[in-house]
Amino acid sequence: MERAFQTALWVLRPEVVFILGDIFDEGKWSSKNHWDDDVRRFHRMFRHSEETELVVLVGNHDIGFHYEMDWFKLQRFEKVFNASSTRIVTKNGVNFLLVNSVALHGDGCPICQSVEKELIRLSKDLNCSLQASRRSEDGCKGTQVYPPTPPIMLQHYPLYRVSDAGCTGSDAAPPGERHLLFREKYDVLSKEASQRLLNWFKPRLILSGHTHSGCEVLHDNKYPEVSVPSFSWRNRNNPSCTGSDAAPPGERHLLFREKYDVLSKEASQRVRSPLTSSPK
C-alpha cells in the first residue's frame with residue numbers, strides 16, 4: 001500500500017489528495033499506545049512533498065459507528081490532522097465540502113447537533129456566495145465568502161441508495177452481492193439525511209466510500225455521486241484509486257478512500273507497471 005501510494009504521487013503529481021475515511025482500521029478501539037503507533041505508521045506510509053496537500057476525512061473505523069462515537073475519539077482524530085471533521089477546503093476556485101457523515105443520524109446526539117449546526121452555517125455561507133447580490137442583505141451579513149460555485153461534497157458514507165444493483169464495471173461489487181439491500185445509517189446514510197445534504201448544498205458532485213466497491217449514482221436526476229472502491233487488498237482483489245481534473249483546467253486532484261484508493265483506469269495501468277516491476 002505504501003509503495004502504491006508513493007508511486008501514484010510520483011506518476012500523477014496531484015495538488016491535493018483526499019482520503020475518504022477509515023484511515024485507522026481499529027481507531028474505535030485503540031489504546032493510546034496503539035493509536036500513537038498507527039499515527040506514526042500512517043505518516044510514514046503516506047508521506048508527501050510540500051507540493052501536495054493531504055486532506056483526510058473521518059470514517060467509522062476511525063471513531064466508531066454512530067453508537068460507538070464519542071467526543072474523545074472524534075477530537076483525537078481531529079487533533080492528528082489539525083482540522084475539523086466538517087469544513088470547506090477551497091483550491092483554485094473549487095469548493096470541497098468535507099462532511100462527517102458518521103454524525104448524520106439525526107437523533108439529536110451532541111456530536112450530531114454540532115455537525116448539523118456547522119453544516120447549516122456552511123450551507124448559508126455557500127448559498128450567499130453563490131448569490132453575490134444578496135451579500136448586503138441581513139441574511140447574508142457576516143457570512144464567509146467562498147468562490148461562487150457549488151461544492152464537491154466528500155464523505156465516508158454514501159448517500160442513500162437501495163443497493164448496488166445498478167452498479168457496473170470492474171470496480172463494482174461482485175454480481176452476487178449487488179442486489180443485497182443496504183441498511184440505512186449503517187451501509188448508507190438515511191433517506192432523510194441524504195435529502196437534507198442535497199437540499200442544503202446542491203453539490204456538483206458527491207464522492208463517497210465505505211462500501212469497498214465502486215458505483216455511479218444520479219440523485220434526483222441531477223446530483224451525481226461516485227462511490228470510490230477500496231485501495232486495500234484486504235477489502236477487494238482489484239484495489240484501485242480514482243483521479244480527477246477539477247476546474248479550472250490543469251488542476252489535478254487525487255482522491256483516496258478507505259485504506260487508500262482512487263485513479264482513472266489509464267492512470268491505474270501506469271501505476272501498476274512500476275509497482276510490479278519494482279525489486280523492493
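The values are calculated or read from the model by the stated rules, or taken from the named source; none is laboratory data. Every value quoted in this text rests on a predicted model; they were computed, and no experiment measured them. Positions of Cβ are generated from backbone atoms using ideal geometry, with glycine treated the same way; all protein chains shown enter the neighbour counts. Keep in mind that these areas ignore ligands, DNA and RNA; they rest on the heavy atoms of the full protein, side chains included. Shrake-Rupley method; radii C 1.70, N 1.55, O 1.52, S 1.80 Å.
The residue pairs whose first member lies in region 132-161 and is at pLDDT 80 or above, whose second member is loosely packed, with under 13 Cβ neighbours inside 10 Å and among the aliphatic types (A, V, I, L, M), and whose beta carbons are closer than 7 Å, counting only pairs six or more residues apart or on different chains, are PRO148/ALA132. Candidates are the residues of region 18-55 that are modelled with pLDDT of 90 or more and part of a loop (DSSP other than H, G, I, E, B); the one that is nearest to the chain's Cα centre (by Cα) is LEU20.
Looking only at region 45-90, residues that are within 20 Å of GLU15 (Cβ to Cβ) and charged (D, E, K, R) come to 5 in all. If you check VAL102, VAL145, VAL115 for being in contact with a Ser or Thr (Cβ under 7 Å, 6 or more places away or on another chain), among the aliphatic types (A, V, I, L, M) and closer than 22 Å to GLU78 by Cα, only one passes: VAL115. Would it be correct to say that VAL56 is surrounded by 12 or more Cβ atoms within 10 Å (Cβ to Cβ), more than 30 Å from GLY106 (Cα to Cα) and of a type in the set (Val, Ile, Thr)? Criteria not met by VAL56.
Out of everything in region 3-32 that is open to solvent by less than 30 Å² (accessible area, probe 1.4 Å) and among the polar types (S, T, N, Q), what residue ends up being nearest to PRO158 (Cα to Cα)? So the residue we want is SER30. Across region 184-229, the number of residues qualifying as surrounded by 17 or more Cβ atoms within 10 Å (Cβ to Cβ), without any contact (Cβ under 8 Å) to a residue 60 or more places away in the chain and out of contact with any helix residue (DSSP H, G or I) (no Cβ under 9 Å at 6 or more places or on another chain) comes to 11.
Applying the set (1) under 21 Å from LYS117 (Cα atoms); (2) under 18 Å from the mean Cα position of the chain (by Cα); (3) of a type outside the set (D, E, K, R) to TRP71 leaves exactly one unmet item: (2).
Name the single residue that is modelled with the lowest pLDDT among those in region 196-251 being closer than 18 Å to ALA165 by Cβ, in contact with a Phe, Trp or Tyr (Cβ under 9 Å, 6 or more places away or on another chain) and polar (S, T, N, Q). By that ranking, first place goes to THR211. Scanning region 25-58 for residues that are closer than 23 Å to ARG3 by Cβ, touching a residue at least 60 places away in the same chain (Cβ under 8 Å) and touching a Gly at 6+ places or on another chain (Cβ under 9 Å) yields a count of 0.
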